[in-house]
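This report refers to the structure that appears directly beneath it.
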Amino acid sequence: MSTSNRDTALGGSSTAWISQRMAPPATIAADSKFRKYTQQVERCLATFESVQEWPDFIAFLGKLLKTLQGYMQFKEIPRKLIVSKRLAQCLNPALPTGVHQRALDVYAHILAVLGTEGLKRDLHLWSSGLFPFFEYAATAVKPALLMLYDTHYLAIQQSLRPITKAFMLALLPGLEEENGEFFDQVLHILDRLSGIVTPSFFLQNLWLCMITTQTARAPALHYLSRRLPKLSGDEDIAAIIGGDVGLLIRALSSTLEDDNLLVRRSTLDLLLASLPLDGPVIQKASVEDRVILMSAATGVVLRRDSALNRRLYAWLIGPEDTGAGGAAAAAGQVGGQEKHIEYLKKWSLDLLCTTLKKELDAPTPVPDARPLKIFLSLLDKWEIGSQLTDALILHTLESIRKTLGERPAEFEDIHLAASSLYEAAEPRLVWKHLFSAVQDELCGKKRLSVPEPIKLVRFVVKTFRNDEEMQKLHLPLCLTGLLELISVMAPEDKSFSKKAATKEALLLIRDMLSFVPPSSLSQPLGEPGSTPKRPYTLATEFYSINPIKNLSPKSDSVPQNPVPMSTAAQDLFTFTLSCVSPFVSTEDNQNSQELDRKKTLAVVLMSTKLLQELVAKVSGKQNVKVVIMWDADAWRDALLSFVEQAHSFEIADNVVSLLIDLNKSGFIEPKVNINTRPLVGRIMNILLEFLRPQYVQYHARTTKLIWALEGSTTYRHVEALIAESLTIKNGLPTYDAYEAFGVLWRLSGP
């Protein structure tokens, strides 16, 4: 048979480099007996091509073993590449146990013949068949296979380092079941392997096995649970954990994200037993590595498994004290909670917040609700949820605002998770941070906790469901507190009304008011029987935040009946007056710039609209009286002076409508009175100006306002004033008055 034909029959064409690598040493190859040995092995290997049934495999292996046994004087196996390939094929899991046993006999003979030096040289050849087989080997043949590992492989000592990972992957299936028949024997071999290649190198390979091979994770964790000690910080951590903390953390992260619940549970048990958050391993890891581990660990809550959650909570807040029982345990429950919170704040909270922030801010093509769901699940544990809400709720809400924007329907999953989170979080903690952020923006604080806090709160109010607690407590409290704050700041700073934050704050208050039912506006603020306090002071004390303004506690500055409608009305009147007073001042008005004028007009417009909405909401309630401390006449006159100088129909419309509503309504005392000829005349002069031809778009609305003014007064002042305007003055009729009357007459028809 030619060389090429022989190669084909023995397993395919061979390349030059394979032939050179697999060729026996020249001294042996030249021996005539070895050549004869080679020929017999080749003839034996050629019979493999005719193998059909499993008895044929046994016959082939028997013949091969007999051939090898006939030339034991040679420490070399002819055609070893093909021999190793055929032996590996004979270990196919589909073949019967008898074939496997016979193949192992051949392996045992070959390894004995080769000795340690021969095995070192050809380690890759024989291992490729023996290592994958252990996982599928029958119980009857596993002892023989383990004997091969123990006797021949461990004997080559440091030469095992290149195949340490492969050897471990071969053995780890033996640790799958902790009560398995071969568990202790495999554990012993792994211990010896660790001692041979050094524990550090061994663990590095174990971490790699856990990262790359899913089936190896459970048995690897069984090994670690018995062999990885709890580190106190005095030991050489590098020698114990494998030298690379990052590799360890990535290995544990991969197991925490495994689909198998038992693998996740075992990993959390390992973290609790050997790798607590206050331990040296976690503390010496980089921030990036710790974030990776925390992200994987907190992800277990998404499985909704109580056993996993319980272990995660214990890792985050420290283990439970198990020493006390009965009455002692009950007495120490509060103290235990305080210890857990202290542990969380010291070791876990910052890392947990950093991890969730990174996930919330991660740029992704499609927003992911994962961090919101994790946050929501962690709220189930009070010790964690309260602290996490206190530390992260503002950033989370801002992230939600950026994601949803003005289109919450586009991301239904995000919106659902965000709504659930908002409803599950402690409202007092949530609104503590929202109120604090708003007051920081109003006072012009440079370093804000989130950009544009007022817009954020508006988003929260309009996007999420406001339950009964929100409508009766938090919204009225924040609404009145913010109104008093802006009413105090406006007189102190003439530019306050021109700031963008002030305008946004008024819009926020308007949004809040729309969700507050009329009944909540008539309920007293604060605890029943408590000393009346100013709304802003009450809000800062209730939410335990530092006030930016220390308001006077004098009793004359607090209404006798401090209900939201009275404090809100008084503060709105005060704020409006402080906005219009500089504008109507001759000196200030002359020096004001056009841009400032527009900003002032916009703020006054919004505040008067807000007053109208408050009046409309409260006036429907019967027998409601709101007593406020103000000079109604001075406020009315200042507002009319502002309208006369503003020359804006929108301002005139709002102010006149407000004055008419306040004149008709009897719930505010002292009452705003416009039921006199001079006052009605002043208002009529304002309105008649907008009946001129250049204001044709305002004619219809102006006509309605004139008749509404007539209906709100006791006497027919409007008719008298119109008649008076049509009389001849200085011998000539007033043409503008006739034109205005014509418009009024035409638009007043049925």
Which of L316, P535, G336, positive extreme of dipole for the chain (C-beta unit charges): L316
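Expressed as a rounded percentage, what relative contact order does the chain have, with Cα pairs under 8 Å and six or more residues apart?
Reported as a whole number, the value is 5 percent.
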Residue-normalised accessible area of segment 65-206, expressed per residue, 1.4 Å probe, Å²: 40 Å²
Relative counts (whole %) of C-alpha pair distances in segment 491-554, using bins that are 5 Å wide: 3, 13, 15, 21, 24, 17, 6, 1
Which of P427, P476, S449, positive extreme of dipole for segment 418-498 (C-beta unit charges): S449
Sequence ranges 282-289, 48-55, ranked by mean other-Cβ count within 10 angstrom, highest first: 282-289, 48-55
Of the DSSP H helices in the chain, those whose Cα atoms cover at least 24 Å axially and whose Kyte score averages -0.5 or more: 97-121, 382-404, 475-492, 564-584, 594-619
DSSP-loop GluC sites (Glu not before Pro) across segment 346-409, with at most 13 other Cβ within 10 angstrom: E406
Cβ-derived FRET efficiency at R0 41 Å, D350 paired with V696, nearest 0.05: 0.05
Whole-percent pair-distance distribution, where bins are 10 Å wide, for the alpha carbons of the chain: 2, 11, 15, 13, 12, 10, 8, 7, 6, 6, 5, 3, 1, 0, 0
Relative packing of 536-548, 172-184, which averages over residues the other C-beta atoms within 10 Å, highest first: 536-548, 172-184
Portion, in percent, of the accessible area of the chain that falls on carbon or sulfur, probe 1.4 Å: 52 percent
For V627, distant residues with modelled amide H under 5 Å away: E669
Cβ-derived FRET efficiency at R0 51 Å, S419 paired with D56, nearest 0.05: 0.15
Spin-label proximity, E724 to segment 653-696 - amide N less than 18 Å from point 7 Å beyond Cα toward beta carbon: 674-689
Fully extended contour minus Cα-Cα distance, from K671 to H188, at 0.36 nm per residue: 164.5 nm
Accessible surface ranking that places the most exposed of T502, T47, T212 first, with a 1.4 angstrom probe: T212, T47, T502
Contour excess over end-to-end distance, with Cα ends at T151 and D390 and 0.36 nm allotted per residue: 79.9 nm
The chain - charge dipole about Cα centre, Lys and Arg +1 at Cβ, Asp and Glu -1, debye rounded to 20: 1600 debye
Heavy-atom accessible area per residue - segment 639-750, 1.4 Å, Å²: 51 Å²
Per residue solvent-accessible surface (Å²) - segment 456-528, probe of 1.4 Å: 39 Å²
Under-5 Å amide H pairs with L275, H placed in peptide plane, nonlocal only: none
Options G70, V680, A723, ranked by Cα towards positive dipole end of the chain, top entry (Cβ charges): G70
Coordinate range along principal axes, alpha carbons of segment 378-535, Å, largest first: 45, 39, 29
FRET efficiency for K494 and Q214, using Cβ-Cβ distance with R0 set to 56 Å, rounded to 0.05: 0.20
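The values are calculated or read from the model by the stated rules, or taken from the named source; none is laboratory data. Just so it is clear, the model here is predicted, and its values are computed rather than measured. Cβ atoms come from the backbone with ideal geometry, glycine included; neighbour counts cover every protein chain shown. Calculation scope for accessible area: heavy atoms of the full protein, side chains included, ligands and nucleic acids excluded. Shrake-Rupley method; radii C 1.70, N 1.55, O 1.52, S 1.80 Å.
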